[in-house]
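What follows is a single structure, written as structure tokens, with notes after it.
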Amino acid sequence: MALKTNMSRRAFTKMSMLAGAAASLGISMSGSLVEADTAEAATTTETKKVRTSCHGCIQMCPAIAYIENGVVVRLEGDPEAPVSRGSLCIKGLNQLHTMYSPRRVLHPLKRAGERGENKWEVISWDEAIELAATKIKEAIDEYGNYSFFSSVGGGGSYSFMEAMTLPMAMGSPTVFEPGCAQCYLPRWSMSKLFYGGDDQSIADNAVQEIFRPEEDNKAEVVVIWAAQPSVSETAESGRGMAEIRSMGVKTIVVDPNFSPDAAKADVWLPVRPATDTGVILSWFRYIFENKLYNEQFTKYWTNMPFLIDPDTKLPVIASELFPDYVSPTPDNTPAYVCYDLKTNSVQPFAYSKPEDSTVDPEIFWTGTYNGKTYKTAGQIYKEEAEPWTLEHCEEVCWVPADKNEQAIRLYTHADDGNRAPCKGGDGVAGICNGVAADMTESASQVPIGLMGLDSIMGYINKPGVSMTQKGGGYFTSTPTGEKVIERPVTYNNGFGGMFSDMYGVGAVIGMSEAENKERIEKLGAAMPDSQRILNKLLQDRLGMKDHKGLYAWCHSHIPTVRQAIATGEPYKPRVWFDMSGNKLAMLGNAKSWYEVFPEVDFIIGQYPMLTSFHVEAADLVFPLREWLEEPMVNMTQLNTQWLQNECTHIGETVSHSIPAGQVVNRVREMYGGHIPNGLELGGGMATAYLGSATEQEVKESTAETLMAPSWDALQADIDKYVPCVTPKDQYFQYYQHEMTATDGLPAGFGTESRKVETYTQIVLKMARNGYPFCYPNPQEACDDYSPICTFIEPCESPYSDAQQQIGDRDEYPFILTSGRVPYFHHGTMRHAPFSRELYPAPDVRINTRDAEKLGIKHMDWVKVTSRRGEIHGRAYLTEGVAPGVVWMERFWNPECFDDSVPEAKRTAGWRECNVNVLTKNTAPFNEVYGSYTNRGFTVKIEKSTKPDIIWIEPKEFEPFMPTLHNEPRTEDVF
Ligand code: SF4
């Protein structure tokens, strides 16, 4: 591998500025930049407009960059974007401050002092790749493949897929991401298991249908539960929500914090942190009791009428009770059992169109058959919800009963006579959720409950709802081009079943046992070694036995990884390749991670910036491109895909997938072509690492996704290929489940029963043997997971038995929850001076009456202490949180480690104000996904003083101002 920089290192580092760049930046960002030389400022240049997309957050709003002499001088939103429509938020605009930050890492860095000293030596890419590969190979040789591990997450890089596949290529099962079980995986994965469709997330790009502008969009009520789109994805779903509110769509917000979306809502329910499942169950109870559910949909399109075997807890298959019964449907569509209201008896319930059904299934039934007492799934849900009267919910969850009732009636159209869906009208509602739901022990119960509510209301696959199966996935093409509908199925193991297809591991939900067996045998025959290795990696992944839902993204359980590093049991991860973000800001109980860094022999980081994690831990740092430098394809806005373009390129930075690709290749070379026990692909592809190893590969795959013949062709005529539009009639489909499939039956859903599994039976099988992920080789059983929404009292709370037993309930009287602010995304942008100036220290939102009792005034500094540690913030007095609740920004960190801070005051900057010093990464965990407690734990609050290193005054942020002392645009490094 040769470097392709167009100058020597000496010349490279000596170059200090671009004259034209100085002029351009000085003019367009007046007052925000280091002064340009006046002689240089007089130079005029031509301005180029380049179409791209923001990647400040996951929504990737289409944008336009203005470039002068290779320097991006201005950003604005692309007015043609169908949801963001020309807007960019402050996080997007922060890019000019981060890309041109004086803290930008522009060359590979090798640690020159002790960890924590922030001393670095600039080395070449050749040296950096060689060093990383050598350390990995040495560890594998001495300790085995499982000594390698990777991680990702925290924003600022996009290596999610590669982080999964890099350890597999090295023959290791260990990868983790704070944004997995703690953020999005539970919602995403559970929707696949629940109905095979898209999740309800509003801040992760899933819910798009509600923003569709056409008149047949029937959204009338949107429930925003545990999310704040106006803050999280301001320019996209935040702007979209503002627009649909202005069009008359009503909103309900469930959030402990009076967010901007709560302020605009028709009803705000200030739930006690981490008790959302209690509110969900109160909605179920009210809807059941007042018969507000969509009876027809619940009877025929959900599994609520199925009889549940009390011993197995699984729905009873018809042949189990009726041995002579011959199902009229294929093996991949079993017949179940219901209580039939036509005959007043227990009967087989075959899958069919509702109008063709031979039975009228009762939803709520308890009774005896052949001496055994059965309940329907609906009855089980009803009994679980029974204690949750509005009054009980108010007592436990602090949601006023009258407001709660108002919200439920609005959501169900209960007072909207002719429009109520259960009475034949066409108005719909839909629930959207967000990350707060993932950050507690109830991470699987919340999405099961929220999808459960939409399912019994029939708010699925209709114009204007949240739960849809968009994207044309229902249709397959015959050789003649005819579009047909097959029985829908759902793939598992990796996004979209990637690993199932590549290695033949994992069952496909919706296929019969025989179909799955045949598929697995065929794929296994093509690559038996890879199938065997992937099977073993699944079985050996840390934390899998208890939290099998993590298989969906092939990730390890974070606290179990930390424990393995600390103890060496069952094996010791020793060489760490972190692919993005500040792990000390992102990981729960950050101090517990800091304490195990000495146990890790070698730590590789990659990121556009140094962070306090890199200062404290990394031995080697690979410099990455920022989003204005990185070509890729963004996610969708409605039915469009957009280009993220290479607008400039500074220093020796590379695209996010390249360092790992180069390292994999070098380790393979060192082993003579094959890493022992490393996963390989078939078809002549030697390595399982799926990222690109050169910029040309990155660019060509980007062009291919946008259906351009090449990167050069794409650049020559961007408007021809961008946006890449899926025709509306293919992308937006409704009532798909009712369409007739090739087997003559209604298509249904991609579940075992072909119905919406409101009683999510598949999680029971998952707990018992790892199905559908660990197939054909089962995983050891753990305790059953709950197939319905259940209430779990947070383990640290005013009402928890555990806390009462500890006896220190009074010492930690406040419940802490956290959330985003509009200035930063995850751990990123802490170096952006304007955002930092606007939000120089973390607010601790505290109720005015609580503050008064503690003698705390608005903007006083306070110390927040949990059982894990203490941090500081500024008191923000408000009635926007309930008495007893405090709220903080979730990843605030000052990154105060370098010469811009006087040495006497200098720290790495992760301890002082980082809410993750307080969070809890020990059991109890969410049963399915292993999520730990980022929100809803107890703290105490005291008056304090400002930590020395925290900047408050605008002038203090001058060292962070974007600099012209950058390096010129370069050619690709690889
Ligand atoms: S919402 Fe996200 S993608 Fe859109 S402009 Fe803001 S940071 Fe960028």
*Using every Cα-Cα pair within the range 825-974, state what percent have a distance larger than 19 Å.*
60 percent
*Rule-of-thumb check for the range 345-391: C-alpha Rg over 2.2 N^0.38 Å?*
1.46
*Divide, for the range 838-878, the radius of gyration over alpha carbons by 2.2 N^0.38 Å, where N is the residue count.*
1.15
*At a Förster distance of 45 Å, what's the computed FRET efficiency of residue 513 paired with residue 141, Cβ-Cβ distance as r, to 0.05?*
0.60
_Reciprocal mean inverse distance between Cα atoms of the range 240-362 - Kirkwood radius, Å_ = 17.9 Å
*What is the order of 180, 774, 782, fewest Cβ neighbours within 10 Å to most?*
782, 774, 180
*In bins 10 Å wide, starting from 0, what share of all Cα pairs of the range 583-695 does each bin hold, as a percent?*
12, 29, 32, 24, 3
_Selection of trypsin sites (Lys or Arg not before Pro), the range 286-362, meeting DSSP coil and at most 10 other Cβ within 10 Å_ = 291
*Arrange the peptides 376-385, 353-362 so that the one whose residues have, on average, the most other Cβ atoms within 10 Å appears first.*
376-385, 353-362
*How many percent of all Cα-Cα pairs in the range 677-803 sit more than 27 Å apart?*
62 percent
*In whole Å, what are the Cα extents of the range 498-555 along the three principal axes, biggest one first?*
30, 26, 16
_Mean projected area (nm²) of the alpha-carbon convex hull when the range 500-652 is viewed from all directions_ = 13.2 nm²
*Using a cut-off of 24 Å between alpha-carbon atoms, which lysines can reach residue 955, once sequence neighbours fewer than 8 places away in the same chain are excluded?*
91, 905, 946
*How big is the charge dipole of the range 118-228 about its Cα centre, in debye rounded to the nearest 20, if each Lys and Arg gets +1 on its Cβ and each Asp and Glu gets -1 on its Cβ?*
320 debye
*For the range 710-770, what Kirkwood radius comes out of the mean inverse Cα-Cα distance, in Å?*
15.8 Å
*Report Rg (one decimal) and Dmax (nearest whole number) for the chain, counting Cα atoms only, units Å.*
27.9, 96
*Would you please name the GluC sites (Glu not before Pro) within the range 691-788 that are DSSP coil residues with at most 16 other C-beta atoms within 10 Å of their C-beta?*
780
*With r as the distance between the Cβ atoms of residue 326 and residue 719 and R0 = 56 Å, compute the FRET efficiency 1/(1 + (r/R0)^6) and round to 0.05.*
0.40
*Do any GluC sites (Glu not before Pro) in the range 258-336 lie in a DSSP loop with no more than 12 other beta carbon atoms within 10 Å, and if so, which?*
none
*Return the sequence-ordered ³J(HN,Hα) values of the range 658-674 in whole Hz as given by the Karplus equation 6.51 cos²θ - 1.76 cosθ + 1.60 applied to θ = phi - 60°, using x for Gly and Pro.*
6, x, 5, x, 5, 5, 4, 4, 5, 5, 4, 4, 4, 8, x, x, 9
_residue 386 paired with residue 123, simple spin-label distance in nm, labels 7 Å along Cα-to-beta-carbon_ = 6.7 nm
*First obtain the Kirkwood hydrodynamic radius of the range 181-307 from its Cα pairs, then insert it into the Stokes-Einstein equation at 4 °C and 1.567 mPa s, and state the resulting D in µm² per second as a whole number.*
80 µm²/s
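Would you list 872, 413, 392 from fewest to most Cβ contacts within 10 Å?
Working: 872 19, 413 22, 392 16.
The most exposed by this proxy come first: 392, 872, 413.
When the gyration tensor of the range 727-866 is built from Cα positions, what are the square roots of 5 times its three eigenvalues, in whole Å, from largest to smallest?
For the range 727-866, the semi-axes come out at 46, 28, 16 Å.
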*Estimated distance in nm for a label pair at residue 372 and residue 701, the labels positioned 7 Å out from Cα along Cα-to-Cβ*: 5.0 nm
*Could you list which residues have their amide H under 5 Å from that of residue 346, counting only those 5 or more apart in sequence or on another chain, with H placed in the peptide plane?*
340
*asked:* Stokes-Einstein diffusion coefficient for the range 293-382 at 10 °C in a medium of 1.306 mPa s, Rh from the Kirkwood formula over Cα pairs: what value in µm²/s?
replied: 122 µm²/s
*asked:* Cut-off is 10 Å between beta-carbons; in what order do 795, 57 appear when sorted fewest neighbours first?
replied: 795, 57
*For the range 255-305 and the range 651-665, what is the separation of their Cα centres, given in Å?*
46 Å
*Relative to the compact-globule scaling 2.2 N^0.38 Å, provide the ratio for the alpha-carbon radius of gyration of the range 61-107.*
1.29
*Can you give the calculated 222 nm mean residue ellipticity of the chain, where each DSSP H run of n ≥ 4 adds -39,500 (n - 2.57) and the sum is split over every residue, rounded to the nearest 500 deg cm²/dmol?*
-7500 deg cm²/dmol
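FYI, it's all coordinate maths here, none of it is from the lab. Keep in mind that what you see is a predicted model, and the values were worked out from it rather than measured. Note that we place each Cβ from the backbone using ideal geometry, even for glycine, and neighbour counts take in every protein chain shown.
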